[in-house]
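Reading through the structure tokens given below for one structure.
The values are calculated or read from the model by the stated rules, or taken from the named source; none is laboratory data. Bear in mind the structure is a predicted one, so any value in this text is a computation, not a measurement. We place every Cβ from the backbone using ideal geometry, glycine too, and count neighbours over all the protein chains shown. Just the protein is used for accessible areas: all its heavy atoms, side chains included, with ligands, DNA and RNA removed. Shrake-Rupley method; radii C 1.70, N 1.55, O 1.52, S 1.80 Å.
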Amino acid sequence: MASENKNATVAVVMGSDSDLPTMQSCIDILKDFGLEPQVRIISAHRTPAEAADFADNAAKNGIKVIIAAAGMAAHLAGSLAGRTQLPVIGVPMPSSTFTNGLDALLSTVQMPPGVPVASMAVGKAGAKNAAIFAVQILALSDEKLNVKLKQFRADQKQKVIDKDSNLK
Ligand code: RP5
């Protein structure tokens, strides 16, 4: 399912296609902001050589932010971060096993000092925030994106105000 968008500035990398339903909202939000992400399935454990190749070449391929989603041992975000200076946003995936994502959260967030991963919340909330966080990073040097982000925040605020009004 590799998406070969050569102009992509954001890459969304998942450890398995089983992560895609959780990460779809991340991809959708990036597209809403006009960013067509490069979407890949690469596993730190099952395809480690591909993971290394991706991380080593991401910056020279024009990627500015990497979003990495994985569950269980969830080494994907950290292993990519160890091979690139690009900002890596980690999204812990929930699993049907005993911890419901706590395993992946701890694996993603507990990076050793010197190699940070910006860890989001577990699951769909984290998937959405990963997209918004990537937009926030890119908006620092992209005025059009900055304007869209301001509009997004204003729309979000208005939705809450409307919900509050509807209760009265
Ligand atoms: C992780 O193991 C993946 O990111 C996924 O969340 C989990 C299970 O993978 P599958 O067995 O569903 O492929 O590496």
Checklist entry - Does the range 29-37 include one or more residues that are within 16 Å of the ligand (Cβ to nearest atom) and buried (at least 20 other Cβ atoms within 10 Å of the Cβ)? => result no
Checklist outcome for this item: Apart from one, (1) open to solvent by less than 20 Å² (accessible area, probe 1.4 Å); (2) within 10 Å of the ligand (Cβ to nearest atom); (3) β-branched (Val, Ile, Thr) all hold for Thr97; the odd one out is (1)
Checklist entry - Of the residues Lys60, Lys64, Lys128, Lys124, which is under 25 Å from Asn5 (Cβ atoms), in contact with a strand residue (DSSP E or B) (Cβ under 8 Å, 6 or more places away or on another chain) and not small (Gly, Ala, Ser)? => result Lys64
Item to check | First in the range 61-72 and touching a residue at least 24 places away in the same chain (Cβ under 8 Å) and hydrophobic (A, V, I, L, M, F, W, C), second anywhere and within 7 Å of the ligand (Cβ to nearest atom) and part of a loop (DSSP other than H, G, I, E, B), Cβ under 6 Å, 6 or more apart | outcome: Ala70/Gly15; Met72/Ser95
Checklist entry - In this structure, is Lys60 at pLDDT below 95, charged (D, E, K, R) and out of contact with any Leu (no Cβ under 6 Å at 6 or more places or on another chain)? => result no
Checklist outcome for this item: So, first residue farther than 13 Å from Val65 by Cβ in the range 128-153, second residue part of a helix (DSSP H, G or I) and of a type outside the set (A, V, I, L, M), Cβ within less than 6 Å, six or more apart or across chains; the pairs are Lys128/Ser25
Item to check | Residue match in the range 15-23 (condition: outside any helix (DSSP H, G or I) and either in contact (Cβ under 8 Å) with a residue 40 or more places away in the chain or within 13 Å of the ligand (Cβ to nearest atom) (or both)) | outcome: yes
Checklist entry - Considering only residues of the range 59-80 that are surrounded by fewer than 23 Cβ atoms within 10 Å (Cβ to Cβ) and of a type in the set (A, V, I, L, M, F, W, C), which is nearest to the ligand (Cβ to nearest atom)? => result Met72
Next on the checklist: Just checking, does the range 58-69 include any residue being assigned to a helix (DSSP H, G or I) and touching a helix residue (DSSP H, G or I) at 6+ places or on another chain (Cβ under 9 Å)?
Outcome noted: yes
Checklist entry - Does Ser165 satisfy the condition of being among the hydroxyl-bearing types (Ser, Thr, Tyr) and more than 18 Å from the chain's Cα centre (by Cα)? => result yes
Checklist entry - With respect to the numbered conditions (1) open to solvent by 60 Å² or more (accessible area, probe 1.4 Å); (2) out of contact with any strand residue (DSSP E or B) (no Cβ under 8 Å at 6 or more places or on another chain); (3) within 11 Å of the ligand (Cβ to nearest atom), which one is the sole condition not fulfilled by Thr47? => result (1)
